[in-house]
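Colleague: Sending over a structure as structure tokens; questions will come in a sec.
The values are calculated or read from the model by the stated rules, or taken from the named source; none is laboratory data. Model, not experiment: these values are computed from the prediction. Positions of Cβ are backbone-derived with ideal geometry, glycine not excepted, and every protein chain shown enters the neighbour counts.
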Amino acid sequence: MASPFPFQSTAFPRAVSIPSDAGWDRGFTLVEVIVAALVMTLLVSNLLAMVVYAGMFRLKARQSGVSRDWIQQDLENVKFNASQFKIAALSADAAAGATSVTVNRTNVGSISMAPGDTLKIGDDSVFHTISGISGTTLSFTPPLNTDQISGAQVWAAGASSSPKFCNATSSTTGLAQALAADLAPVLISSKTISGTSYTLSRTATPVNTAPYQTLTLTYSVLPSGGGAEVLSLQTKVVPYAAFGCP
């Protein structure tokens with residue numbers, strides 16, 4: 001009997017088989033897992049290293065910054081001392097015509113005034129030669145030409161047989177050595193930075209070049225318990241008294 005649907009096929013379509021080893025259902029191989037783990041380990045290690053180095057750089061930057069300010073604070077104090085430094089100063093007023101004056105000191109450290117030395121007293125226009133020293137009283141010739149007030153600065157230059165101060169011929173007797181002997185110790189010698197104790201040292205060395213008036217300052221900041229130096233600095237100062245030398 002003929003089919004009532006002449007255009008309908010009675011044949012069924014063939015089933016399409018899907019390979020069982022299709023990529024989406026086979027997972028990761030052991031090699032792939034190991035490689036991925038290694039890559040992740042390297043990435044994490046590098047990230048941790050960057051964090052550690054960043055912390056170290058921040059710590060070093062803080063140490064250097066604090067140390068620099070620390071040195072600068074002491075250096076400003078030294079510069080002030082250099083500006084105020086006097087070989088000696090009058091302890092009392094002295095009138096014109098005087099042949100002796102009283103001063104606050106006759107030596108700076110190991111450098112001492114002596115008979116025969118040349119003096120310049122305050123703004124007096126005459127240079128004087130020491131004829132005698134009794135305690136802190138200096139006798140001299142010729143007499144003062146003008147009145148001088150207490151606190152006036154006194155400069156000195158050694159006799160030709162014993163040059164010192166303004167006319168020194170050695171770094172051990174020059175104004176730089178006198179300033180070094182007059183300097184107070186480091187203002188603040190120890191400080192804690194980021195939980196670690198540090199020490200600041202200052203070394204004063206006269207420059208061994210005529211006229212022996214320049215002092216070299218070397219600063220160093222080190223951990224109190226020993227270790228690498230955090231910061232060092234070297235600079236030079238000249239006592240202002242040098243500019244008024246006879």
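Colleague: Take the residues in region 199-246 that are of a type in the set (S, T, N, Q) and closer than 24 Å to LEU119 by Cα, then tell me which one is nearest to the chain's Cα centre (by Cα).
Modeller: Taking the candidates together, the pick is THR214.
Colleague: Tally up the residues in region 96-129 that are touching a Pro at 6+ places or on another chain (Cβ under 7 Å), surrounded by 20 or more Cβ atoms within 10 Å (Cβ to Cβ) and either of a type in the set (Gly, Ala, Ser) or in a loop (DSSP other than H, G, I, E, B) (or both), please. First the steps, then the outcome.
Modeller: Kept after step one, since they are touching a Pro at 6+ places or on another chain (Cβ under 7 Å), are these residues of region 96-129: 97-99, 118, 120, 126-128.
In the following step, the residues that additionally are surrounded by 20 or more Cβ atoms within 10 Å (Cβ to Cβ) were identified as 118, 120, 128.
In the following step, the residues that additionally are either of a type in the set (Gly, Ala, Ser) or in a loop (DSSP other than H, G, I, E, B) (or both) were identified as none.
Looking only at that region, the number is 0.
Colleague: Could you identify the single residue in ALA210, ALA159 that is assigned by TED's automatic domain parsing to the domain that holds GLN73 and not basic (Lys, Arg)?
Modeller: It is ALA210.
Colleague: Which numbered condition trips up ASP21, out of (1) at pLDDT below 75; (2) in the same structural domain as GLU229 (by TED's automatic domain parsing); (3) of a type outside the set (A, V, I, L, M)?
Modeller: All conditions pass for ASP21, except number (2).
Colleague: Provide a single number: the residues in region 167-188 that are out of contact with any helix residue (DSSP H, G or I) (no Cβ under 9 Å at 6 or more places or on another chain) and farther than 12 Å from GLY109 by Cα.
Modeller: Count: 3.
Colleague: Please go through region 160-206 and pick out each residue that is in a loop (DSSP other than H, G, I, E, B), touching a strand residue (DSSP E or B) at 6+ places or on another chain (Cβ under 6 Å) and among the β-branched types (Val, Ile, Thr).
Modeller: THR173, VAL186
Colleague: Next up: Could you say which residue among THR137, THR146, THR106, THR99 is at negative phi, over 37 Å from the mean Cα position of the chain (by Cα) and without any contact (Cβ under 8 Å) to a residue 40 or more places away in the chain?
Modeller: So the residue among THR137, THR146, THR106, THR99 that is at negative phi, over 37 Å from the mean Cα position of the chain (by Cα) and without any contact (Cβ under 8 Å) to a residue 40 or more places away in the chain is THR137.
Colleague: Next question, about the same structure. Which numbered condition trips up GLY195, out of (1) buried (at least 16 other Cβ atoms within 10 Å of the Cβ); (2) on the phi > 0 side of the Ramachandran plot; (3) within 22 Å of the chain's Cα centre (by Cα)?
Modeller: (1)
Colleague: Let me ask you something else. Which ones in region 197-232 are over 19 Å from ASP182 (Cβ atoms), in contact (Cβ under 8 Å) with a residue 24 or more places away in the chain and of a type in the set (Gly, Ala, Ser)?
Modeller: SER197, ALA210, SER224, GLY225 - these are the residues of region 197-232 that are over 19 Å from ASP182 (Cβ atoms), in contact (Cβ under 8 Å) with a residue 24 or more places away in the chain and of a type in the set (Gly, Ala, Ser).
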